[in-house]
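J.: Would you mind keeping the following structure in view while I ask a few things?
The values are calculated or read from the model by the stated rules, or taken from the named source; none is laboratory data. Since we're looking at a predicted model, the values are computed, not measured. Please note: Cβ atoms are built from the backbone with ideal geometry, for glycine as well, and neighbour counts cover all protein chains shown.
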Amino acid sequence: MSKLKKTTRIKREKERLLDIYAELPEETLAIFQGQIDQASFLKIELEDLRDDLEKNGWVEPFQNSPSLPAYERDRPLAKQYMKLASEYRNTIKLLDDKLAKQNTQSLAQDDGFDSFASVFDESDS
């Protein structure tokens, strides 16, 4: 199976995230659109970097000079992967915190049921 184009994968990830955060009001989604775009991009980048790291390893031999013995050092992609993973985690946390706050506010709003039910509680006395 051939790998989908990167832009297609990013678009699908963005759609997946928009489905997850669909409960947010449209004005809030508009504010967080940049974070959703960023998270989509970062996730696909991380997948690609992880594939490379799995294939080629996290470390590589390195030699400062021919007279010195070689040693293993982290590949630059490994450091980039860790930095992007942290950025992705922070972006998703920001979105999740906003969704949790929105859900808490929704639950706190009075839907009228308690005042309706209290009429029946008073008539039982």
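J.: Please enumerate the residues belonging to segment 83-116 that are more than 16 Å from residue 38 (Cα to Cα), surrounded by 14 or more Cβ atoms within 10 Å (Cβ to Cβ) and either modelled with pLDDT of 90 or more or among the polar types (S, T, N, Q) (or both).
T.: 102
J.: Going by the conditions given, is residue 52 more than 30 Å from residue 100 (Cβ to Cβ), acidic (Asp, Glu), in contact with a helix residue (DSSP H, G or I) (Cβ under 9 Å, 6 or more places away or on another chain) and surrounded by 13 or more Cβ atoms within 10 Å (Cβ to Cβ)?
T.: Spelling it out, residue 52 is indeed more than 30 Å from residue 100 (Cβ to Cβ), acidic (Asp, Glu), in contact with a helix residue (DSSP H, G or I) (Cβ under 9 Å, 6 or more places away or on another chain) and surrounded by 13 or more Cβ atoms within 10 Å (Cβ to Cβ).
J.: Ok, one more. Can you pull out every residue in segment 21-36 that is surrounded by fewer than 15 Cβ atoms within 10 Å (Cβ to Cβ) and either without any contact (Cβ under 8 Å) to a residue 24 or more places away in the chain or over 19 Å from residue 97 (Cβ atoms) (or both)?
T.: 22, 26, 27, 30, 31, 33, 34 - these are the residues of segment 21-36 that are surrounded by fewer than 15 Cβ atoms within 10 Å (Cβ to Cβ) and either without any contact (Cβ under 8 Å) to a residue 24 or more places away in the chain or over 19 Å from residue 97 (Cβ atoms) (or both).
J.: Now, a different point. Looking at segment 62-77, which of the residues that are assigned to a loop (DSSP other than H, G, I, E, B) and of a type in the set (A, V, I, L, M) is nearest to residue 49 (Cα to Cα)?
T.: That would be 70.
J.: Which condition from (1) farther than 22 Å from residue 3 by Cα; (2) free of Cβ contacts under 8 Å to residues at least 60 places away in the same chain; (3) touching an Asp or Glu at 6+ places or on another chain (Cβ under 9 Å) is the one that residue 71 breaks?
T.: Every listed condition holds for residue 71 apart from (3).
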